[in-house]
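Structure record follows, encoded as structure tokens.
What follows draws every value from the coordinates through simple rules; no lab data is involved. Computed from a predicted structure; not experimentally measured. Methodologically, a virtual Cβ is constructed for each residue, glycine included, from the backbone with ideal geometry; neighbour enumeration extends over all protein chains shown.
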Amino acid sequence: MSTSVVTSPSRKRVPNGVNSSRPIALRLTPFELEHVKKRAEREKRSMASVCRLAVLRELGLNDDAQVTS
């Protein structure tokens with residue numbers, strides 16, 4: 001009996017229009033990191049997504065806002 005592996009097309013992990021070629025680093029304390037991990041798990045999101053949404057909230061933007069500068 002042979003086993004075959006089925007692969008699905010890769011899914012884009014970043015929202016449309018996000019420049020994924022220029023990521024930024026984010027340094028968190030162990031306490032903050034634990035909160036991000038728990039929230040990501042609870043919301044079924046990546047830690048990067050949780051942090052991105054937190055930054056957008058702090059800047060007064062929503063995920064759908066078009067930023068021009």
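The ranking of Lys44, Lys38 from fewest to most other beta carbons within 10 Å of each one's beta carbon is Lys44, Lys38. The fewest-to-most ranking of Glu58, Glu41 by surrounding Cβ atoms within 10 Å reads Glu58, Glu41.
Any chance you could run the full-extension gain for Ala48 through Thr29? It's 0.36 nm times the residue separation minus the Cα-Cα distance, nm to one decimal.
Working: separation 19, 0.36 × 19 = 6.84 nm, distance 1.53 nm.
The Ala48-Thr29 span can extend by a further 5.3 nm.
Shown for Ser20, Ser49: other C-beta atoms within 10 Å of each C-beta, ranked fewest to most, produce the order Ser20, Ser49.
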